[in-house]
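Asks: Once you've had a glance at the structure underneath, I'll fire off some questions.
Derivation of every value follows stated rules applied to the coordinates shown; laboratory data play no part. Quick caveat, the model's predicted, so the values are computed rather than measured. Don't worry about glycine lacking a Cβ; one is built from the backbone with ideal geometry, like all the others, and counts go over all protein chains shown.
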Amino acid sequence: MMPEAPSGPDHMTPDEFRAAGHATVDWIADFLAGVADRPIMPDVAPGDVRASLPPSPPSVGESFDALLDDVDSLIAPAVTQWQHPGFFGYFPANSSPPSVLGELVSAGLGVQGMLWSTSPACTELETHVLDWLAEACGLPDRFRSDGPGGGVIQDSASSASLCAVLAARDRSGGSEALPDLRVYTSGQAHSSIEKDVLVAGFGRHQLRVVPVDGDYAMDADALARMVEADLADGLVPCLVVATVGTTSSGAVDPVARIAEVASAVGAWVHVDSAWAGSATVCPEHSDLLDGLDRVDSYAFNPHKWLLTNFDCSAFYVADAAPLAASLSIVPDYLRNAASDSGEVVDYRDWQVPLGRRFRALKLWFVMRSYGTDGLRAHIRAHVAAAATLADRVRANPRLEMAAPLSLGLVCLRHVDGDEASERLLADVNSTGEAFLTHTKLDDRFVLRVAVGGTWTTATHVDRLADLFDDLA
Ligand SMILES: *Cc1c(COP(=O)(O)O)cnc(C)c1O
């Protein structure tokens with residue numbers, strides 16, 4: 001007699017899934033409705049969360065109710081409340097109801113979009129929505145998909161700039177030329193640039209740190225001098241990474257001037273606008289795009305300030321061929337007629353990993369639900385609230401602005417110095433009503449207020465200004 005074939009696990013029935021799904025969405029709706037009443041920083045010591053969990057996985061499946069109860073009692077109280085309207089730390093990590101639902105549909109479809117042929121809609125919706133986004137932001141035509149370039153969604157700006165570093169390295173001669181190649185970025189660039197350069201096989205000495213001006217933007221004249229000196233030494237400038245909206249203070253590098261210097265020597269220019277890029281949906285911020293029509297690649301994160309939950313970094317290239325030249329490896333088991341025809345895009349050639357999630361859905365859900373008018377309203381409310389906060393900082397004799405106001409980012413300090421600034425930060429955060437982080441500019445302690453949370457309104461920003469008045 002044949003042994004009985006193993007029957008597989010018990011799955012939820014469609015009706016059970018429906019009920020559990022409704023309960024989960026109800027839980028999320030309740031969580032968001034109540035998030036403003038939670039403390040922003042959880043009262044959790046290292047190891048507390050693990051101590052609350054069983055040491056081993058269950059051998060017999062548990063009820064979904066038990067799971068959701070644990071999310072409610074063990075997990076939600078132990079996360080930092082990024083969606084709290086008083087969260088002003090780092091840069092925002094937007095989420096929004098349509099984005100969450102787009103993510104849910106992505107999981108439900110369960111596709112892996114490495115190739116066009118492994119899910120045509122995954123690739124084509126992504127191409128299309130990134131063209132929409134380019135149009136909404138007024139990006140130069142060179143980043144649209146009807147030319148040699150186009151857009152792709154990466155998991156993070158760090159990954160996007162890594163792709164730019166790899167393409168630039170290989171366009172300048174690849175591993176053979178590597179020892180002579182040099183990369184330039186300012187001392188205010190994001191730490192991910194240094195990491196990307198090291199990951200791409202460069203030594204630390206091959207990254208040139210360009211000085212900044214009094215407003216913390218790259219000094220393009222200094223860049224030109226460094227490039228010239230390296231050329232004179234027989235070295236090869238291969239890439240300049242400019243930042244539009246630096247992480248510490250929101251400074252904007254002079255991209256047009258930088259592109260002029262770089263193009264004269266054939267170096268790739270990548271623009272990292274991870275946070276500020278979202279503001280370009282508003283035509284009044286189109287100055288952030290100055291010079292972009294001359295650069296090779298550009299990235300910004302809708303997952304920071306455009307209502308789309310992590311991960312969604314929009315990466316645009318003027319020409320995709322160098323990307324594919326660096327990143328395309330075609331084993332026989334991935335060959336297919338569509339790819340061979342040359343008529344389709346295979347996004348695995350535009351990124352480091354092979355596999356890819358259907359991320360375009362959440363961006364599509366967001367753009368259709370809010371419309372470009374809604375996206376603009378979101379940015380404008382925050383930019384206006386930040387301007388009001390900056391006015392209140394200037395009006396307070398105990399405070400001063402530590403950098404020029406930049407969009408939704410206000411950098412300030414206490415006039416009594418670092419100790420007083422650190423104390424103010426701790427005092428504001430200990431209220432549980434607002435959460436700020438800090439940076440250092442010119443070696444001085446600076447409080448950063450990043451206004452941009454999905455649920456953050458002028459009222460929350462006014463409340464923060466009141467806290468400054470009370471506590472400074
Ligand atoms: C936030 C930020 C990054 C990193 O973004 P990830 O998507 O988390 O990798 C890079 N550059 C700038 C300017 C940033 O503000």
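Asks: Points 7 angstrom from Cα along the Cβ direction at Asp213 and Ser341: gap in nanometres?
Replies: Once both label points are built, they end up 5.2 nm from each other.
Asks: Evaluate 2.2 N^0.38 Å with N set to the residue count of segment 79-162, then give the Cα radius of gyration divided by it.
Replies: In units of the 2.2 N^0.38 Å rule of thumb, it is 1.32.
Asks: Projecting each Cα onto the charge dipole of segment 103-365 (Lys/Arg +1, Asp/Glu -1 at the beta carbon, about the Cα centre), which of Ser263, Thr280, Ala200 comes out farthest on the positive side?
Replies: Projecting each Cα onto the dipole axis, the largest value belongs to Ala200.
Asks: Which order, highest average first, do 21-34, 241-254, 162-175 follow once you tally other Cβ atoms within 10 Å for each residue and take the mean per peptide?
Replies: 241-254, 162-175, 21-34
Asks: Additional query: Determine the dipole magnitude for segment 303-440: charges of +1 sit on the beta-carbon of Lys and Arg, -1 on that of Asp and Glu, nothing else is charged, the reference point is the Cα centre, and the result goes in debye to the nearest 20.
Replies: 360 debye
Asks: Two decimals is fine: what is log10 I(q)/I(0) at q = 0.15, 0.20, 0.22, 0.32 Å⁻¹ for segment 44-92, from a Debye sum with one equal scatterer on every Cα and no solvent?
Replies: Log10 I(q)/I(0), no solvent term: -0.57, -0.83, -0.91, -1.20.
Asks: Please report the antiparallel percentage of DSSP beta bridges with both residues in the chain, rounded to the nearest 5.
Replies: Bridges in the chain are about 55 percent antiparallel.
Asks: Among Val100, Val241, Phe64, which residue has its Cα positioned farthest towards the positive end of the charge dipole of the chain, with +1 placed on the Cβ of Lys and Arg, -1 on the Cβ of Asp and Glu, and the dipole taken about the Cα centre?
Replies: Positive-end residue among those listed: Val241.
Asks: Could you give the alpha-carbon Rg of segment 238-282 over 2.2 N^0.38 Å, rounded to two decimals?
Replies: It is 1.21.
Asks: Right, next: Based on the Cβ-Cβ distance of Asp65 and Val111, what FRET efficiency does E = 1/(1 + (r/R0)^6) give at R0 = 25 Å, to the nearest 0.05?
Replies: According to the calculation, E is roughly 0.25.
Asks: Also, I was wondering about something else. Using alpha carbons only, how many angstrom separate the centre of segment 125-143 from the centre of segment 148-193?
Replies: 21 Å
Asks: Looking at segment 174-328, what % of the alpha carbon pairs are farther apart than 22 Å?
Replies: 39 percent
Asks: Can you give the FRET efficiency to the nearest 0.05 for Arg18 and Asp293, using r as the Cβ-Cβ distance and R₀ = 56 Å?
Replies: 0.65
Asks: Could you check what % of the DSSP bridge pairs in segment 103-365 are antiparallel, to the nearest 5?
Replies: Roughly 40 percent of the DSSP beta bridges within segment 103-365 come out antiparallel.
Asks: So what is the orientation-averaged projected area of segment 352-424, using the convex hull of its C-alpha atoms, in nm²?
Replies: In nm², the orientation-averaged hull projection of segment 352-424 is 8.3.
Asks: Multiply the residue separation of Trp455 and Arg204 by 0.36 nm, subtract the distance between their alpha-carbon atoms, and state the gained length in nm to one decimal.
Replies: 86.3 nm is the gain from fully extending Trp455 to Arg204.
Asks: With each pseudo-label sitting 7 Å past Cα toward Cβ, what's the Ala324-Asp43 distance in nm, one decimal?
Replies: 5.8 nm
Asks: Taking one equal scatterer on every alpha-carbon of the chain, how large is log10 of I(q)/I(0) by Debye at q = 0.06, 0.08, 0.09, 0.11 1/Å?
Replies: At q = 0.06, 0.08, 0.09, 0.11 Å⁻¹ the computed log10 ratios are -0.31, -0.54, -0.68, -0.99.
Asks: So, with +1 on the Cβ of K and R and -1 on the Cβ of D and E, and no other charges, what is the size of the charge dipole of the chain about its Cα centre, to the nearest 20 debye?
Replies: In debye, rounded to 20, the chain gives about 480.
Asks: Moving on. What is the set of long-range amide H partners of Val210 at a cut-off below 5 Å, with H atoms built 1.01 Å from backbone N?
Replies: Thr185, Ser186, Gly187
Asks: I'd like the per residue volume of the convex hull spanned by the Cα atoms of segment 103-365, given in cubic angstrom.
Replies: 118 Å³
Asks: With all pairs of different alpha carbon atoms counted, what Kirkwood hydrodynamic radius in Å does segment 53-207 show?
Replies: For segment 53-207, inverting the mean 1/r across all distinct Cα pairs yields 20.3 Å.
Asks: Quick check for me: using +1 on Lys/Arg Cβ and -1 on Asp/Glu Cβ, what's the dipole size of segment 103-365 about its Cα centre, in debye to the nearest 20?
Replies: It works out to roughly 640 debye.
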